[in-house]
Amino acid sequence: MEAFICSQCGTQFGESAQQPSSCPICEDERQFVRHGGQEWTTLDRLARDHHNRIEDEAPRLLGIGTEPEFAIGQRALLLQSPGGNLLWDCISLLDGETVAAVNARGGIRAIAISHPHFYSSMIEWAERFDAQIFLHAADREWVMRKSPRIKFWDGATLSLWDDLTLINCGAHFEGGTVLHWPAGANGKGALLTGDIITVVQDRRYVSFMRSYPNYIPAGPTALRRIVQRIEPFSFNQIYGGWWQANVLSDAKAAVARSAERYLRAISS
Ligand SMILES: [Zn+2]
Ligand SMILES: [Zn+2]
C-alpha cells in the first residue's frame, strides 16, 4: 500500500495498492490534467531528486518550498507566534532536513490551508508534528486523504490563538480562506492569502480568479464578498502563495483598488 501523490497538483491520496484511476482536483475545471496524461509519484520518490528551500520571507515567517519546482510550485509559510506556530498552506515534500528546520523553530501547533490546491501532503505534516489541520467545511469533498486530524470549520471566521483569524473569502473555492496575522508587518497586520487573493506581477495589485490556469474570472458577487469579509481587519502587507509574491506596503488599499479595477474590467 502506498499514498500516491498526483504529479500535477501535488495532492497526496489515501493509501491504496494501486495508483488511483484519476485525480478529481485536476479534472475539475479550475485545474488540468498533465498534457501527457495523469502521472503519480510518492513521497519517497519525490525526496530522491527534490529538496526544500527554507528561507525567511519576513521576520517570524519562514518560507518552505520545493526545488526543483514540483506540481503548482507554491511555498508554505511557518508563522512563528508566542502561543504556538501555525503552518499556513502546505507542500508535498516533507524530508528530514525540513523536519529539523521546523523543529528548530518550535515545531507546528496547527496547520491551516487556503484551499484544496494546497492540501498537498498535509496529513504527513500533521502526523509528523502532531498537529491539527483547519480546513473550511465547504471544501470537504476535495479532501483525498481522510484523517481524524482534520477539523472542519464553518461560517465566515474562526479565531485561533494570539488573535490569529481564519477568514472565509470564497471565490476561487467556496471554502477559500485567508489568515489574518495582527502581529505581522511590525504590528500593522498582515494577510496570508495563498491564491484566494493572489498577488500579481505588479506588486501594487492583487487579483481574484475562479481558475488561474484556465483563466476563469470570479464574478462581482464573489468579489464584493471578499472585500466585505476582510473589511474589519487591519493589515499593511499580504503574503501570497509563491516566493516573493507579497505586497509589502499599503496592502489593504491594494485590495480595494484591485477589486475596483477588476469590477470595471468585467462589466465593460
Ligand atoms: Zn491532481
Ligand atoms: Zn488554486
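Values in this text are rule-based calculations from the coordinates and carry no lab data. On a predicted model such as this, the values are computed, not experimentally measured, just so you know. No Cβ is skipped: glycine too gets one built from the backbone with ideal geometry, and neighbour counts run over all protein chains shown.
If a residue must be closer than 27 Å to residue 41 by Cα and either aromatic (Phe, Trp, Tyr) or not in a strand (DSSP E or B) (or both), how many such residues does region 121-163 contain? The number of residues fulfilling the criteria is 23. When you go through (1) away from ligand 1 (no atom under 16 Å from the Cβ); (2) buried (at least 18 other Cβ atoms within 10 Å of the Cβ); (3) part of a strand (DSSP E or B) one by one for residue 81, which number turns out not to apply? Going through the list (1) away from ligand 1 (no atom under 16 Å from the Cβ); (2) buried (at least 18 other Cβ atoms within 10 Å of the Cβ); (3) part of a strand (DSSP E or B), residue 81 breaks only (3). The residue that is surrounded by the most Cβ atoms within 10 Å (Cβ to Cβ), counting only those in region 38-78 that are β-branched (Val, Ile, Thr) and within 23 Å of residue 150 (Cα to Cα), is 64. Restrict the check to region 184-207 and report whether at least one residue is touching an Asp or Glu at 6+ places or on another chain (Cβ under 9 Å), surrounded by fewer than 23 Cβ atoms within 10 Å (Cβ to Cβ), farther than 21 Å from residue 88 by Cβ and touching a residue at least 40 places away in the same chain (Cβ under 8 Å). Yes, the conditions are met somewhere in region 184-207. What number of residues within region 1-25 are touching a helix residue (DSSP H, G or I) at 6+ places or on another chain (Cβ under 9 Å) and either among the aliphatic types (A, V, I, L, M) or surrounded by fewer than 18 Cβ atoms within 10 Å (Cβ to Cβ) (or both)? Selection size over region 1-25: 6. Output the residues belonging to region 93-120 that are part of a helix (DSSP H, G or I) and within 25 Å of residue 27 (Cα to Cα). Those that are part of a helix (DSSP H, G or I) and within 25 Å of residue 27 (Cα to Cα): 116, 117, 118.
Restricting 43, 61, 86, 78 to those that are touching a helix residue (DSSP H, G or I) at 6+ places or on another chain (Cβ under 9 Å) and touching a residue at least 40 places away in the same chain (Cβ under 8 Å) reduces the list to 43.
Taking the condition of being away from ligand 1 (no atom under 15 Å from the Cβ), closer than 13 Å to residue 143 by Cβ and touching a Cys at 6+ places or on another chain (Cβ under 8 Å), how many residues in region 112-125 meet it? Walk me through it before giving the result.
Filtering region 112-125 for residues away from ligand 1 (no atom under 15 Å from the Cβ) gives 112-114, 123-125.
When the remaining residues are screened for being closer than 13 Å to residue 143 by Cβ, the result is 113, 123.
If we keep only those that are touching a Cys at 6+ places or on another chain (Cβ under 8 Å) as well, we get 113.
Total satisfying the criteria: 1.
If you go through region 26-34 one residue at a time, do you hit one that is away from ligand 2 (no atom under 16 Å from the Cβ), farther than 21 Å from residue 115 by Cα and surrounded by 12 or more Cβ atoms within 10 Å (Cβ to Cβ)?
no
Return the residues of region 1-25 that are part of a loop (DSSP other than H, G, I, E, B), touching a Ser or Thr at 6+ places or on another chain (Cβ under 8 Å) and within 16 Å of ligand 2 (Cβ to nearest atom); say none if nothing qualifies.
10, 11, 23
Going by what's in this entry, would residue 223 be described as in a helix (DSSP H, G or I) and either under 19 Å from the mean Cα position of the chain (by Cα) or surrounded by 20 or more Cβ atoms within 10 Å (Cβ to Cβ) (or both)? Steps first, answer last, please.
Details: in a helix (DSSP H, G or I): yes; either under 19 Å from the mean Cα position of the chain (by Cα) or surrounded by 20 or more Cβ atoms within 10 Å (Cβ to Cβ) (or both): yes.
So residue 223 passes the test.
Candidates 248, 192: the one that is among the aliphatic types (A, V, I, L, M) and over 18 Å from residue 114 (Cα atoms) is 248. Only one entry in 48, 30, 34 is farther than 20 Å from residue 193 by Cβ, of a type in the set (Lys, Arg) and in contact (Cβ under 8 Å) with a residue 24 or more places away in the chain, namely 34. Scanning region 150-189 for residues that are of a type in the set (Asp, Glu) and under 15 Å from residue 113 (Cα atoms), we see that the one that is nearest to the chain's Cα centre (by Cα) is 174. Taking region 219-247 as the range and being under 19 Å from residue 168 (Cβ atoms) and of a type in the set (Phe, Trp, Tyr) as the test, the residues that pass are 233, 235, 239.
Every residue, every condition in (1) over 14 Å from residue 143 (Cβ atoms); (2) more than 8 Å from ligand 1 (Cβ to nearest atom); (3) among the aliphatic types (A, V, I, L, M), yes or no:
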residue	(1), (2), (3)
8	yes, no, no
13	no, yes, no
17	yes, yes, yes
26	yes, no, no
32	yes, yes, no
40	yes, yes, no
